[in-house]
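Enquirer: Dumping the structure here so I can ask a few things about it.
Derivation of every value follows stated rules applied to the coordinates shown; laboratory data play no part. What you are looking at is a predicted structure, and each value in this text was computed from that prediction instead of being measured. Note: ideal-geometry Cβ built from the backbone for every residue, glycine included; neighbour counts use all protein chains shown.
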Amino acid sequence: MGLSLASVVRGPGHVAAMSWDVAKMTFTTPFQLREFVEQAWFVARVTMLPTILVSIPFGAVIALQVGNLTGQLGAESFAGATAVLATVREAAPIAAALIIAGAAGSAICADMGARKMREEIDAMETLGIDPIERLVVPRALATLVVSVLMISIVIAAGIAGGYYFTVIVQGGSAGAFLASFTSLATLTDIYVALIKAAIFGFMAAIVGAYKGLHADGGPAGVGRAVNESVILAFMLLFMVNSIITALYFQLVPQAGL
């Protein structure tokens, strides 16, 4: 079953409320270090290889498209600058977000849903243990940290792929590619990309946990919750990315040639 209209309407509001609870508990409750380390290692293990494999084609496609466009405009010397700019600003955060939401977010949702079906969540609440504090907070923080680390890999692999296809495949100038790095891209672009990765990772974990904790209907219900969590996470990630990008262009002066 797909995502229902009621889930589309109510989901973002409930996710926002849980996000606020998790952010507040991060600073007001004891830190679950062991759970955080275990979840960070799990998220890194399931997302590392897919992230690298996805980031190389991202860089290659951007380099090929940019190389053709700059060649038509007679600006081959800026192929490196535009490829790096596109990779850092949009390709890297989106690629990392999709992998994190698709792999880590769905795994978190399945884990929470399985605990709900085994009545572990009810048992924790009966014992006076808040499942959000005990289970959701460390997973959200772990996914946030891994997302920030993953985007660095995506940027490096994307730039390497762009260099290969621009210089080796298309016969561009290696010196011009490397020299044009700072023509358009700035450190602010890196900072915004890291902020995007942190927000996207946090949101993916919250959406997965929310859908898992509210799963019902047995194993089939958990499967539906996982499907809905991925769809809802993608919708929210693209919406938030558009908002952050629009604000960035309005508030930060852009570098010129």
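Enquirer: Taking the Cα centre of the range 21-251 as the origin and placing charges on Cβ (Lys, Arg +1; Asp, Glu -1), which of T26, L187, V240 is farthest toward the positive end of the dipole?
Expert: L187
Enquirer: Amide H of F31 versus every other amide H placed in the peptide plane: which residues, excluding those fewer than 5 positions away on the same chain, fall under 5 Å?
Expert: Answer set, sorted by chain and number: none.
Enquirer: Quick one: order L64, L144 by neighbouring beta-carbon count within 10 Å, fewest to most.
Expert: Working: L64 17, L144 22.
In order of increasing Cβ crowding within 10 Å: L64, L144.
Enquirer: Further, regarding this structure: On a full-extension model of 0.36 nm per residue, what is the gain between M235 and Q65, subtracting their alpha-carbon distance, rounded to one decimal in nm? Mind showing how you got there, number by number?
Expert: Working: separation 170, 0.36 × 170 = 61.20 nm, distance 2.61 nm.
Taking M235 through Q65 to full extension adds about 58.6 nm, to one decimal.
Enquirer: Something else about it: Which shape class applies to the range 126-249: rounded if a/c is under 1.5, otherwise prolate when a/b exceeds b/c and oblate if not, where a ≥ b ≥ c are the square roots of the Cα gyration tensor eigenvalues?
Expert: Numbers: a/c = 2.90, a/b = 2.39, b/c = 1.21.
It comes out prolate by the Cα gyration axes.
Enquirer: Please report the spacing between the Cα centers of the range 27-54 and the range 81-99 in Å, no decimals.
Expert: So the separation of the two Cα centres works out to 22 Å.
Enquirer: Sticking with this structure for a sec: Could you tell me which of rounded, prolate or oblate describes the range 21-251, using a ≥ b ≥ c as the square roots of the eigenvalues of the alpha-carbon gyration tensor, with rounded for a/c under 1.5 and, failing that, prolate when a/b is larger than b/c and oblate otherwise?
Expert: On the way: a/c = 2.80, a/b = 2.40, b/c = 1.17.
Verdict is prolate for the range 21-251.
Enquirer: Tell me, what is the FRET efficiency for I129 and I168 to the nearest 0.05, using R0 = 45 angstrom and their Cβ-Cβ distance as r? Each step should come with its number before you reach the end.
Expert: Numbers: r = 56 Å, r/R0 = 1.25.
Result of the calculation: an efficiency of 0.20.
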